[in-house]
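Reviewing the structure listed below.
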Amino acid sequence: MVEVTYVPCEQNTQADILSKLASTQTANGNKIVIQDVLNEPNVQKQKSQSSDVNTIIRIEDWRGPITHYINSRELPSDPSEKTRLKRRACSFTLMEGTLYKRGFVTPLIKCLGPKEAQEVLAYVHDGICGQHLGAKALAKKVLRTGYYWPTMLKDAKDYVNLCGKCQRHGDMHLAPPAEMTSLVSPWSFAW
């Protein structure tokens with residue numbers, strides 16, 4: 001059984017102040033109850049046993065130039081490639097040798113190479129919980145799962161087009177309802 005009791009604002013000043021504090025914004029933030037500004041990350045990086053040895057893994061796919069730039073801050077000699085790499089690398093971060101893309105919905109999205117991408121596509125498309133989705137839905141689901149690579153949509157289209165079950169049992173929404181026949185008219189533009 002649930003009992004609802006009405007409490008006037010005058011008798012519930014603490015909740016009233018808390019609700020007003022949550023809805024107000026000041027220039028430097030309310031540091032009393034609700035808001036707090038972090039000047040450094042609250043997750044500290046754990047040092048591994050092999051922290052004194054710096055190993056650099058050479059990546060030969062699309063992640064290579066970004067990883068190399070983040071590690072060493074060295075830019076290519078071509079000016080247009082410099083600006084492109086700088087602009088692109090600002091949305092990536094490197095944690096313990098793994099490249100991550102900063103996302104809006106999920107904080108860090110793991111970047112994959114071509115081989116890993118095909119494995120993830122196969123697992124999401126027809127794995128244990130696979131739904132044989134279309135290309136756009138498959139790419140969005142992989143992104144929501146927490147993985148990223150630049151040619152995600154193209155690879156998803158290619159994978160769906162090669163899936164035999166999707167081709168055999170997919171919707172035939174573009175097929176006409178009846179067999180098409182040609183009409184012959186005795187002269188041009190005749191009704």
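Structure data summary
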read-out	value
Test set (1) within 22 Å of GLY146 (Cα to Cα); (2) surrounded by fewer than 12 Cβ atoms within 10 Å (Cβ to Cβ); (3) at pLDDT 70 or above; (4) not basic (Lys, Arg) - ALA89 fails condition number	(2)
Selection from the stretch 128-163 of residues that are part of a loop (DSSP other than H, G, I, E, B) and either of a type in the set (Phe, Trp, Tyr) or in the same structural domain as ARG88 (by TED's automatic domain parsing) (or both)	TRP149
Residue list for the stretch 150-166, filter: within 23 Å of the chain's Cα centre (by Cα) and either farther than 10 Å from LEU121 by Cβ or surrounded by fewer than 16 Cβ atoms within 10 Å (Cβ to Cβ) (or both)	PRO150, THR151, LEU153, LYS154, LYS157, ASP158, ASN161
Among the residues listed as LEU75, LEU18, LEU38, the single one being touching a helix residue (DSSP H, G or I) at 6+ places or on another chain (Cβ under 7 Å) and either modelled with pLDDT of 70 or more or within 26 Å of LEU108 (Cβ to Cβ) (or both)	LEU75
Residue check for THR145: of a type in the set (S, T, N, Q) and either surrounded by fewer than 14 Cβ atoms within 10 Å (Cβ to Cβ) or over 21 Å from THR67 (Cβ atoms) (or both)	yes
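The values are calculated or read from the model by the stated rules, or taken from the named source; none is laboratory data. Not measured: the values here are computed from a predicted model. In this analysis, Cβ positions are derived from the backbone assuming ideal geometry, glycine residues included, and neighbour counts consider all displayed protein chains.
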